[in-house]
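**Q** This structure is in structure tokens; I'll ask about it shortly.
The values are calculated or read from the model by the stated rules, or taken from the named source; none is laboratory data. Since this is a predicted model, take the numbers as computed values, not measurements. Cβ sites come from the backbone with ideal geometry, for glycine too, and all protein chains shown count toward neighbours.
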Amino acid sequence: MPEHHLLGSHIRRFLLEHVVADRNLSRNTQRNYRDAIRVLLRFMTERHRIDPADLTVEHVTADVVREFLQYLEQVRRNTAATLNQRVSVIHSLFRFIGRHIPELVERASQLQAVPLRRVDHPTVSYLEKAEIDAVLATPDRRRRLGQRDYALLLFLYNTGARADETAHLTRGALDLGRPASVRILGKGRKMRLCPLWDHTAQILRELLGGRLDGPTETPVFLNVRGQSLTRFGIHAVVERAVARAATRMPSLNTKRISPHSVRHTTAVHLLRAGVDINTIRAWLGHVSLETTNRYAEVDLEMKAKALAACAIIDNNRSGGPSAAAGRKPPDLMAFLASL
């Protein structure tokens, strides 16, 4: 078998040249690609008794990939979303191989024809205006920690930023002049500019205080030890605020609220305010417009329910009817572990 058909050399080039150098994907995404390939190699070792060092492109057929997905689903109990992430990496790997070795284009096409699983998107969880106001009212702003929590919650609601994006926010990313804005480094290492309300800018100025004149890499949100607040810490702040607000706003007890729910809240409220879908997409940093369109579907569902409620009221008023919805990893595996 010609050496250029050995899969290991292509995996190395794919991860180092394509994933890291060419696409400059985030560290987390790089790990996701690496882990998907490691799981595939272990599967080939355990089920097909092929050492990763001897594995060739020809060994990985469409039928093998389907068997691999069945293994992930039945043995590892992976969700459809995880299965799709794994098969997407395989698609991407063999698309890369097909571009570099013309005689393997057909095989690459066969593997890319293995379909993704259908994923039912969970219901978008968001807060009504009165609910987010109740959450924002919970921190004791007379205390330093309460001041930070209020600034964090307000920033999340203003920007719709992800927890990880917020955790890595630095002073240099903020422009607190007029108009105020923030540069957010999102998925795929894509930078987006998000406007800040005057009130948000003022609260951030108060939070930063003397740190406004400090190094640009200074984290904005700090924990009690003066270190950068992690995304887990941000989750804790949101969950604590929601639990307190629920004592005055019982509707919160029926919802599971996280920082991502606040992100959904931002999107839904922007939509209700008349902001167009493309602006919301840029605001939130969505790669696909399809993701943003989910909020439009939520808004349409809300309007349909409101119309249905009106119809019920009208029917009841008119006396009409009431309505009732294996082995020690070889060199290739060591290489993957080192990334």
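**Q** Kindly establish whether N24 is within 22 Å of the chain's Cα centre (by Cα) and on the phi > 0 side of the Ramachandran plot. Spell out how you get there, then give the answer.
**A** On the way: within 22 Å of the chain's Cα centre (by Cα): yes; on the phi > 0 side of the Ramachandran plot: yes.
Yes, satisfied.
**Q** Restricting attention to helices (runs of 4 or more DSSP H) lying wholly within region 222-322, give those where 1 or more residues are at pLDDT below 80, among the acidic types (D, E) and over 19 Å from the mean Cα position of the chain (by Cα).
**A** Here the list reads 289-317.
**Q** Follow-up question, since we're still on this one. Just one of the numbered conditions (1) modelled with pLDDT of 95 or more; (2) surrounded by 15 or more Cβ atoms within 10 Å (Cβ to Cβ); (3) of a type in the set (D, E, K, R) is not true of R162; which one?
**A** For R162, the failing item is (1).
**Q** A further question on this structure: Residue check: is A81 under 27 Å from V242 (Cβ atoms) and not assigned by TED's automatic domain parsing to the domain that holds E17? Please lay out each step first, then the result.
**A** Details: under 27 Å from V242 (Cβ atoms): yes; not assigned by TED's automatic domain parsing to the domain that holds E17: no.
Judged against the criteria, A81 is not a match.
For every residue, the table says whether it meets (1) crowded, with 18+ Cβ neighbours inside 10 Å; (2) touching a strand residue (DSSP E or B) at 6+ places or on another chain (Cβ under 9 Å); (3) assigned to a helix (DSSP H, G or I).
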residue: R12; (1), (2), (3): no, no, yes
residue: L15; (1), (2), (3): yes, no, yes
residue: A21; (1), (2), (3): no, no, yes
residue: N24; (1), (2), (3): no, no, no
residue: T29; (1), (2), (3): no, no, yes
residue: A36; (1), (2), (3): yes, no, yes
residue: L41; (1), (2), (3): yes, no, yes
residue: E46; (1), (2), (3): no, no, yes
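**Q** Then there's this: Before we move on, is R47 farther than 24 Å from H18 by Cβ, of a type in the set (K, R) and touching an Asp or Glu at 6+ places or on another chain (Cβ under 8 Å)?
**A** Values: farther than 24 Å from H18 by Cβ: yes; of a type in the set (K, R): yes; touching an Asp or Glu at 6+ places or on another chain (Cβ under 8 Å): yes.
Judged against the criteria, R47 is a match.
**Q** Residue check: is E67 assigned by TED's automatic domain parsing to the domain that holds A108, more than 30 Å from L185 (Cβ to Cβ) and part of a helix (DSSP H, G or I)?
**A** Taking the combined requirement at face value, the residue satisfies it.
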